[in-house]
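Asks: Let me give you the structure first, and then I'll get to my questions.
What follows is calculated from the coordinates using simple rules that are stated; it is not laboratory data. Owing to the predicted nature of the structure, the values given are computational and were not obtained by experimental measurement. Neighbour counts run over all protein chains shown; Cβ positions are idealised from the backbone, glycine included.
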Amino acid sequence: MKKTISLSIIFSFIALLLVLQLLPREAIAATDPKQRIFDYANLLTVEEKDNLEIVANQYSAESETDIVILTTNDTQGKDIIPYMQDFYDEQGLGYDKKHGNTAILTLDMKNREVYLAGFYLAEEYLSDGRLDQIRNKITPDLSAANYYDAFTTFIETSSKYMRISPWINPELFIFKLWFQILAPIAIAAIIVGTMAFHSSGRVTVNDRTYLNTAQVMNRKDRYIRTTVTKQRKPSDNNKGGGGGFGGGGTSGGGHSHSGSRGSF
Amino acid sequence: MVIHYKCPNCGGEMLFESNTGLLTCQSCGRTDNIEGFSDDYVTKTFSEEEAKEYQCENCGAVIITDADTTATACSFCGAAVVLGDRLSGILAPAKVLPFTISKEEAKAAFQKWCKNGRLTPKGFMEANRIKGITGIYVPFWLYDLDSDAKVDAVGTKVRTYTSGDYIYTETKYYDIYRDIDLNFQKVPVDASEKLNDKLMDKLEPFEFKNLKDFKTPYLAGYIAEKYNYDDNELFPRVELKIDKYIDSYIRSTISGYQSVNYHNKRINTRNKNSYYVLLPVWMFYYDYNKSEHVFAMNGQTGKVVGKPPLSFGKIATWFTSIAGGGFIALKLISWLFLGGLI
């Protein structure tokens, strides 16, 4: 009886949490004519593009940051970063103002490179590290040419990260479902196991119960020899993984941004 | 030789009372100090040499005992009898630790202990099914030991530092030697064949400063056993028992090293003194689910040991509550952090 009550309390609590998590999603879906998908490389169908505009519009409003997709076959001889910076300066992207909060995914189809960047609020919330995490998430889809899926993931994940305090690592293991399920089970098993083990009575004598006197008659701690081994310091080059390198920068217009770069 | 204690006042039966530590008459309430009890009122009958039968001093019936019993109750009249010849010569205990917990206190404490078991089935706690409570003086050997431990080991101290492009690991090796004299006092080892050694080990510690010189009246009203193994036969067990204490002392004298590798450990233990003592234990026989469970209680401190049955339902409840609670707590944490509330 007691058991069923406690179980039903647990389940209703979980249900409540799930509902609470879903609630804010349903807010604001007002249409605004702003363009956020610039598919110059024609990777998307018209329908996909329209859908992404709606998704981008909704998530941009939630995170108060414009989430922009930029694809190109021709960077006009520029590197991917200056190309993106110039695009930002020219277009005056930004949710709150011209040249404002923006998260932007740039895809250079010619050199098969991807660059993620965050301006202003997004520079703080989408740090280089977080952008690396997002890029690692979408790279498999990009390599498999599932551009629509990759862009959707980018929009959703960026928006989610924008609402998480910058000092928290959103991919930390304690936020993972497998950990949230396995860790309490392991702890419960250990606790109940010790309870069962101790149910037959514990040993309550210790090392000193019967020891009357103890004396060290003779001791020696003689130094013999020294060995030294050396190892090359791990270099910082392979940080970021997957061929990614470089962080943020500042655009020609003087707008500083975070960044994560890689190939796919 | 059968010993029976008669009241100098009324001729009634006298038993050892754990609360007062005195011999007490069951009919008139007279109490007598054990040290000063006159031999005139102790009835002793020596059995003829050949006869292995004992006769009750009270009713004359034949006392039925097994070969190890030294104190018991007559199965016909219930009179407490002590079998003196099984407690003399090399079988004479040097000391006895009298019961300080009476039968009623033991019963109440045991019931309380049963109720506290967090995994014990409900029916087990509620049903009053104590089938029998027996106060037993269990034979133990107490050893005073001198140990000499000589240890050779190699210890390392590790330091890492960086210089230029390299990380250096510097390991210094030390030759360690310790010669330690240890003295242990009154290490108990259970000398009865019948009782489970593990159960008896868990009953410790006993407070040995209350040991009394052995007098047979302490046994009046209890069951007592004689030892099955002598001090030489049990010496390996006591060595094994102090072995881990010696190891932990050795480790406490070697400090400041990252790793210690023992090469040679010679422990030499000498039996300085060993004495035969009787220690007080309450035994409980408890019926549950058609099987008998045996529990033992330290007759001096009241500590209870023994394996109670485990309730599957209670284990499941504890398990799901802890696991479910942990899951909710983690979900709540991630909801607070990832939901942007913090």
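Asks: With helices defined as uninterrupted DSSP H runs, which ones in chain B have an alpha carbon span along their own long axis of at least 30 Å and mean Kyte-Doolittle hydropathy of at least -1.0?
Replies: The answer, listed by residue number, is B:312-338.
Asks: Top mean-square fluctuation among B:240, B:142, B:219, Gaussian network model of chain B, C-alpha springs under 10 Å?
Replies: Most flexible of the set in this elastic network: B:240.
Asks: While we're on this one: Taking the Cβ of each residue in B:154, B:305 as the centre, tally the other Cβ atoms inside 10 Å and list the residues starting with the fewest.
Replies: So the residues, fewest neighbours to most, are B:154, B:305.
Asks: Quick check: the distance between the Cα centres of region B:140-188 and region B:275-318, to the nearest angstrom?
Replies: Comparing the Cα centres of region B:140-188 and region B:275-318, I get a distance of 40 Å.
Asks: I want the local charge near residue B:166. Using Cβ-Cβ distances under 11 Å, sum +1 for each Lys or Arg and -1 for each Asp or Glu among the other residues.
Replies: +2
Asks: If the elastic network links every pair of Cα atoms under 10 Å, which of B:134, B:216, B:72 fluctuates the most in the Gaussian network model of chain B?
Replies: Greatest mean-square fluctuation among the candidates belongs to B:134.
Asks: While we're looking at this one, here's another question. For a quick check: with amide H placed at 1.01 Å from N, whose amide H comes under 5 Å from residue B:138's, ignoring anything fewer than 5 positions away on the same chain?
Replies: So residue B:138 has HN proximity to B:279, B:281.
Asks: Related question: Over 29 Å between Cα atoms, which of A:34/A:110; B:95/B:115; A:137/B:331; B:209/B:241 qualify?
Replies: B:95/B:115
Asks: What list of ³J(HN,Hα) couplings, whole Hz, do you get for region A:251-264 from phi and the Karplus terms 6.51, -1.76, 1.60, once you set θ to phi - 60° and write x for glycine and proline?
Replies: Result, rounded to whole Hz: 6, x, x, x, 9, 7, 8, 8, x, 8, 10, x, 9, 9.
Asks: Using the Kirkwood radius over Cα pairs, work out the Stokes-Einstein diffusion coefficient for the protein assembly as shown at 20 °C and 1.002 mPa s, in µm²/s as a whole number.
Replies: It comes out at roughly 66 µm²/s.
Asks: Could you go through region B:94-102 in sequence order and give the Karplus-derived ³J(HN,Hα) for each residue, using 6.51 cos²θ - 1.76 cosθ + 1.60 with θ = phi - 60°, rounded to whole Hz, and x for Gly and Pro?
Replies: Taking θ as phi minus 60°, the curve returns 7, 9, 9, 9, x, 4, 10, 10, 7 Hz for region B:94-102.
Asks: How about residue A:233: which lysines have a C-alpha closer than 26 Å to its C-alpha, ignoring those fewer than 8 places off in the same chain?
Replies: B:157, B:172
Asks: Express in whole angstrom the spacing between the alpha-carbon centres of region A:164-188 and region A:207-229.
Replies: About 44 Å separates the Cα centre of region A:164-188 from the one of region A:207-229.
Asks: On to the next question. Taking springs between alpha-carbon atoms closer than 10 angstrom, which of B:64, B:267, B:176 fluctuates most in the Gaussian network model of chain B?
Replies: Highest fluctuation of the listed residues: B:176.
Asks: Estimate the FRET efficiency between residue A:124 and residue B:316 by the formula 1/(1 + (r/R0)^6), using the beta-carbon distance for r and 51 Å for R0, to the nearest 0.05.
Replies: It comes out at approximately 0.60.
Asks: What does the charge add up to near residue B:152, with Lys and Arg as +1, Asp and Glu as -1, over the other residues with Cβ less than 14 Å from its Cβ?
Replies: So the surrounding residues net to +4.
Asks: Provide A:98, A:49 in ascending order of the number of other Cβ atoms located within 10 Å of each residue's Cβ, fewest first.
Replies: Ordered by Cβ neighbours within 10 Å, fewest first: A:98, A:49.
Asks: May I pose another question? Please list, or write none, the aspartates and glutamates whose alpha carbon is within less than 12 Å of the alpha carbon of residue A:230, excluding same-chain residues fewer than 8 places away.
Replies: Once the sequence-local aspartates and glutamates are set aside, what remains near residue A:230 is B:165, B:170.
Asks: Quick query: amide H of residue B:22 versus all other amide H atoms, modeled in the peptide plane; which residues come in under 5 Å with a sequence gap of 5 or more or a different chain?
Replies: So residue B:22 has HN proximity to B:17.
Asks: Shielding by partners for B:165-175, please: the mean number of other protein chain Cβ atoms within 10 Å of each residue's Cβ.
Replies: The per-residue average across the peptide is 5.
Asks: Next question. In whole Å, what are the Cα extents of region B:178-313 along the three principal axes, biggest one first?
Replies: Dimensions of region B:178-313 along the principal axes of its Cα atoms: 55, 50, 25 Å.
Asks: Taking neighbour Cβ counts within 10 Å as the exposure measure, how do A:198, B:4 sort from fewest upward?
Replies: So the ranking, lowest neighbour count to highest, is A:198, B:4.
Asks: Once phi is turned into θ = phi - 60°, what whole-Hz ³J(HN,Hα) does the Karplus curve with 6.51, -1.76 and 1.60 give for every residue of region B:82-87, x standing for Gly and Pro?
Replies: For region B:82-87, the Karplus curve yields 10, 8, x, 6, 8, 10 Hz.
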